[in-house]
Amino acid sequence: MTDERDSFVEDSDLRKVVMQLNERVLHVEKQLGISPPVHKAIEPEPVPAEMESTQSGDQETLEFEVGQTWFALIGIVVLAIGMAFLLSLPFASLPGWLPSIGGYLVCGVVFVVAKISAKSFQDISKYLRGAGMLLLFFATWRLFDFSPEPALSGGSLTGRLLLILVVVTNVVLAWRRNSQILFTISMITGMAACLVGEGNWFPLVGISALVALAGFVQVKLEWRSIAPVTFVLAIIAYILWAIGNPLVSDELAISSEFYMMVWAIPVWVTLVSVTIMLRPDTTVEDGPVQVSDLLLCGFGFGLFFLHHLIAFDQQLLFSHLAMALIYLLLSMVFWVREQSRISTFFFAMTGYMALSFALIKAFEGTEMFVALSLQSLVVIATAVYFSSPFIIVANCLIFIGIIGGYIFVTDVEKGMSIGFGVVALISARILNWQKERLVLKTELMRNTYLLIAFLILPYALYFLVPEGYAAVALVGLALFYYGLHLTLGNRKYRWMGHATLLLTALYTVLIGTAQLDSHYRIITFLILGSIMLIVSLIFTMRRAKRTKSIESGKED
């Protein structure tokens with residue numbers, strides 16, 4: 001309390017001193033005739049004119065962007081749609097070719113206006129060219145449809161030549177303008193023209209030619225998105241063809257006659273894959289590469305499988321074996337050519353997915369699970385070649401799914417679980433053998449396979465061996481693990497032997513005591529106890545030997 005009073009007195013004295021000094025300074029200034037400074041309030045600095053003009057300029061730029069670009073685009077799109085609706089009217093009183101002639105005239109006017117306005121109105125000129133390309137195709141389509149008496153047949157030679165001429169014209173226009181948007185429009189009209197041309201071979205050859213052309217353009221002009229976009233358009237065109245081609249027919253049904261069309265899909269996948277390989281920088285797997293991989297492996301194989309499943313079930317085995325070979329070869333080329341990680345993973349796993357469907361088709365019942373588990377070894381061998389830990393992880397998860405599916409659908413164990421355990425042990429051994437090549441920094445995958453073997457083998461023995469010999473069989477399994485440890489020198493097998501003995505003891509105490517006959521119970525306890533004592537003595541002797549060697553080393 002005293003300290004607070006003292007500090008208060010000191011503060012008041014200091015104020016008095018400051019006030020006295022201030023009065024003396026004012027008195028001196030008054031004697032010298034110096035006026036004291038007037039303190040003004042601080043006002044905010046005015047905003048520079050440059051900043052104001054920049055802000056207003058940004059607003060004007062946005063306004064011009066909306067008014068000039070957006071309105072032009074929307075207006076041209078609306079006009080094009082309106083013209084398309086006009087051309088689609090039946091005009092029953094007019095010849096079937098006359099509305100198309102009117103459409104060609106309008107299309108010509110649009111192209112002329114686009115050329116004239118190219119220097120002054122670049123955006124409008126570009127949008128007009130796109131609209132003109134669409135109207136050119138629609139006016140040609142009008143010759144085959146939308147009229148009680150069409151002027152031409154889509155399957156006729158004249159009709160198909162005219163469609164080809166329209167597609168070539170659009171492609172040339174897009175090429176000359178060096179525009180990805182116009183080229184995409186040419187691909188859209190090209191896919192539609194292939195469908196309007198009717199038949200089966202015309203769409204097959206036409207769409208494949210467009211996919212190849214898109215690949216050439218992507219490599220030539222380095223347009224990284226053209227080939228995958230064209231592939232998506234090809235898949236859409238395929239779906240339309242497969243459901244009955246609604247562009248030329250009102251009756252929709254899944255196509256099950258022209259089987260050759262299905263093989264267009266692996267052709268397109270191969271063409272786009274080669275395009276990806278020919279990109280300028282093969283050391284980088286960027287966004288376009290990853291998206292292309294997803295499209296080729298997801299949409300490509302997915303559509304191939306679904307069409308087989310719905311309409312060509314009898315050919316599924318052979319076709320998916322061939323498809324597996326195609327995808328695996330592509331994955332190998334990706335790896336050899338550019339040491340790819342992502343593309344190699346996607347294509348390899350898709351190839352093995354195709355192989356899995358072929359095995360499921362080839363083997364009926366529970367035998368297919370054995371075939372799938374053996375396939376797992378092939379996948380691991382491939383992963384070793386590709387140095388791909390991604391394939392290892394994916395294969396391990398699939399292998400666990402195979403075992404779970406087998407246990408779920410099987411009522412009676414027939415010994416196949418032993419095969420699963422053997423495959424798991426071999427897989428773990430391969431991973432341990434090639435751990436440096438696979439760049440596996442942890443023991444997770446190997447431990448996972450060993451854990452699978454540790455769990456599935458006792459499960460199999462429990463159901464396969466007569467009830468009285470289950471514990472004896474588990475003891476034999478533990479001895480098998482100890483033998484692997486002595487042969488391979490891996491301590492993990494020794495730990496598996498320990499864990500199996502403990503599991504056997506747990507089984508004997510909890511289940512064997514209550515369920516086994518007295519003779520089997522006695523034999524089980526004697527064998528288990530003897531083995532555990534022998535193992536204990538062995539480790540006691542090894543520890544004593546090890547301790548002695550350490551002590552002798554210290555003495556030296």
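The values are calculated or read from the model by the stated rules, or taken from the named source; none is laboratory data. All of these numbers come straight from a predicted model, not from anything done at the bench. Quick reminder, even Gly has a Cβ in these numbers, built from the backbone with ideal geometry, and neighbours come from all protein chains shown. The area values use the complete protein model at the heavy-atom level, side chains included, leaving out ligands, DNA and RNA. Shrake-Rupley method; radii C 1.70, N 1.55, O 1.52, S 1.80 Å.
Details
- The residue of the stretch 273-298 that is farthest from residue 359 (Cα to Cα), among those that are of a type in the set (Asp, Glu) and without any contact (Cβ under 8 Å) to a residue 12 or more places away in the chain, is 281.
- Odd one out for residue 195 among (1) open to solvent by 50 Å² or more (accessible area, probe 1.4 Å); (2) of a type in the set (A, V, I, L, M, F, W, C); (3) touching a Leu at 6+ places or on another chain (Cβ under 8 Å): (1)
- Considering only residues in the stretch 141-157 that are within 16 Å of residue 193 (Cβ to Cβ) and of a type in the set (D, E, K, R), the one that is most open to solvent (accessible area, probe 1.4 Å) turns out to be 145.
- Odd one out for residue 125, checked against (1) free of Cβ contacts under 8 Å to residues at least 24 places away in the same chain; (2) more than 24 Å from residue 109 (Cβ to Cβ); (3) open to solvent by less than 20 Å² (accessible area, probe 1.4 Å): (2)
- Count - residues of the stretch 351-368 that are open to solvent by less than 20 Å² (accessible area, probe 1.4 Å) and either closer than 21 Å to residue 455 by Cβ or of a type in the set (Val, Ile, Thr) (or both): 0
- Test result for residue 340, within 23 Å of the chain's Cα centre (by Cα), under 23 Å from residue 278 (Cβ atoms) and in a loop (DSSP other than H, G, I, E, B): yes
- Of 152, 98, 157, all but one fail to be among the aliphatic types (A, V, I, L, M), modelled with pLDDT of 85 or more and more than 21 Å from residue 185 (Cα to Cα); the exception is 157.
- Among the residues of the stretch 364-383, some residue qualifies, meaning at least one is more than 30 Å from residue 492 (Cα to Cα) and touching a helix residue (DSSP H, G or I) at 6+ places or on another chain (Cβ under 7 Å).
- Within the stretch 299-311, being touching a residue at least 24 places away in the same chain (Cβ under 8 Å) and surrounded by fewer than 15 Cβ atoms within 10 Å (Cβ to Cβ) holds for one residue alone: 310.
- Residue 176 being part of a helix (DSSP H, G or I), out of contact with any helix residue (DSSP H, G or I) (no Cβ under 8 Å at 6 or more places or on another chain) and of a type in the set (D, E, K, R): yes
- Annotation note: of 275, 230, 282, 270, the sole residue that is polar (S, T, N, Q) and assigned to a loop (DSSP other than H, G, I, E, B) is 282.
- Taking the numbered list (1) under 22 Å from residue 500 (Cα atoms); (2) open to solvent by less than 30 Å² (accessible area, probe 1.4 Å); (3) at pLDDT 85 or above; (4) of a type outside the set (Val, Ile, Thr) in turn, residue 404 passes all entries but (2).
- A residue that is in contact with a Lys or Arg (Cβ under 6 Å, 6 or more places away or on another chain), at pLDDT 80 or above and either open to solvent by less than 70 Å² (accessible area, probe 1.4 Å) or under 27 Å from residue 367 (Cβ atoms) (or both) occurs somewhere in the stretch 421-428.
- Single residue of 384, 379 found to be in contact with a Lys or Arg (Cβ under 7 Å, 6 or more places away or on another chain) and in contact (Cβ under 8 Å) with a residue 12 or more places away in the chain: 384
- Top-ranked residue of the stretch 268-290 - restricted to ones that are surrounded by 15 or more Cβ atoms within 10 Å (Cβ to Cβ) and among the β-branched types (Val, Ile, Thr), ranked as modelled with the lowest pLDDT: 282
- Residue match in the stretch 243-263 (condition: in a helix (DSSP H, G or I), more than 16 Å from residue 187 (Cβ to Cβ) and open to solvent by less than 30 Å² (accessible area, probe 1.4 Å)): yes
- In the stretch 481-509, of all residues being among the hydroxyl-bearing types (Ser, Thr, Tyr) and open to solvent by less than 20 Å² (accessible area, probe 1.4 Å), the one that is farthest from residue 451 (Cα to Cα) corresponds to 508.
- For the stretch 197-223, the set of residues classified as part of a loop (DSSP other than H, G, I, E, B) and either polar (S, T, N, Q) or within 19 Å of residue 299 (Cα to Cα) (or both) consists of 200 only.
- Residue under evaluation residue 474, criteria (1) at pLDDT below 80; (2) open to solvent by less than 20 Å² (accessible area, probe 1.4 Å), criterion not met: (1)
- Single match in 200, 178 (criterion: out of contact with any Leu (no Cβ under 9 Å at 6 or more places or on another chain) and surrounded by fewer than 16 Cβ atoms within 10 Å (Cβ to Cβ)): 200
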